[in-house]
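The values are calculated or read from the model by the stated rules, or taken from the named source; none is laboratory data. Everything numeric in this text was worked out from a predicted model, so none of it was measured. Because the Cβ atoms are built from the backbone with ideal geometry, glycine has one as well, and the counts that use them run over all protein chains shown. Accessible surface areas use protein heavy atoms only, side chains included; no ligands, DNA or RNA. Shrake-Rupley method; radii C 1.70, N 1.55, O 1.52, S 1.80 Å.
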Amino acid sequence: EDEVKKVTRLHTATHLLQAALRKVLGEEVHQMGSDITAERTRFDFSFSRKLTPEEVKKAEELVNEVVVKDHPVTMKEMDYEDAVASGALYFFREKYSQRVKVYTVGTDDAFFSREFCGGPHVTHTGEIGRFIIKKEEAVASGVRRIRATVEP
């Protein structure tokens, strides 16, 4: 049960990380994959260069600001077209059904993150704990990887 809770915290933190990276680096950042265990999250994303230490720090700080603000995390089932129109991020290469689950961090009119997702999530960001980026590295040409964890 403790492992499931930590994976859930890390899963939601991964959504926050993507949103933070897009705010720091720009909208060219798109998720290329992720892998979450009870020990860490691994997030692969499109970006053309190595991040500076300042960019890594700023992304980590943005995630932790959202955690401290204890925003609600809500899910709505929506028609695919309405979900896209709402600003929800999704994998461009994936096939989706007509109805999708969309998770929002924040309120409908002032959200920090909104994504298509079927995974487990916390009910509010304060449950996540302190988010720590451990490493940023290249995976392939145009693909970067961040490894991170959370502390209670």
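Structure values in brief
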| read-out | value |
| --- | --- |
| Solvent exposure, largest accessible area first (probe 1.4 Å, DNA, RNA and ligands not counted), of THR41, THR123 | THR123, THR41 |
| Of LYS50/LYS101; LYS5/LYS58; LYS23/LYS101, those spanning more than 30 Å from alpha-carbon to alpha-carbon | LYS50/LYS101 |
| Per-residue HN-Hα couplings for segment 50-58 [Karplus 6.51, -1.76, 1.60; θ = phi - 60°; Hz; x = Gly/Pro] | 5, 6, 7, x, 5, 5, 4, 4, 5 |
| Amide H within-cut-off set for HIS30, under 5 Å, with H built and near neighbours excluded | SER46 |
| Vicinal HN-Hα couplings computed from phi for segment 29-38 (Karplus, 6.51 cos²θ - 1.76 cosθ + 1.60; Hz; Gly/Pro x) | 6, 9, 4, 10, x, 7, 8, 10, 10, 5 |
| Gap separating the Cα centres of segment 58-130 and segment 1-41, nearest whole Å | 11 |
| Residues with amide H under 5 Å from that of HIS124, placed H, sequence gap 5 or more | VAL73 |
| Helix-only [θ]222 nm of the chain, DSSP H runs n ≥ 4, -39500 (n - 2.57) each, per residue, nearest 500 | -10000 deg cm²/dmol |
| Check: the chain dipole with +1 on Lys, Arg Cβ and -1 on Asp, Glu Cβ, in debye | 480 |
| Answer label, with P(r) over Cα pairs in 10 Å bins from 0, in percent calculated from the coordinates and candidates (i) 10, 35, 35, 17, 3, 0; (ii) 11, 43, 37, 9, 0; (iii) 11, 29, 34, 22, 4 | (ii) |
| Distance between modelled label sites at ASP82 and ALA110, nm, 7 Å Cα→Cβ extension | 2.5 |
| Unit charges at the beta carbon, dipole of the chain: most positive-side option, HIS11, VAL29, GLY118 | VAL29 |
| Derived scalar couplings ³J(HN,Hα) [segment 139-152; Karplus, 6.51 cos²θ - 1.76 cosθ + 1.60; whole Hz; x for Gly, Pro] | 10, 7, 4, x, 10, 10, 9, 10, 10, 8, 9, 10, 10, x |
| Estimated distance in nm for a label pair at HIS30 and GLN98, the labels positioned 7 Å out from Cα along Cα-to-Cβ | 2.6 |
| Chain lengthening between GLU65 and ASP2 when straightened (0.36 nm per residue, less Cα-Cα) | 20.2 nm |
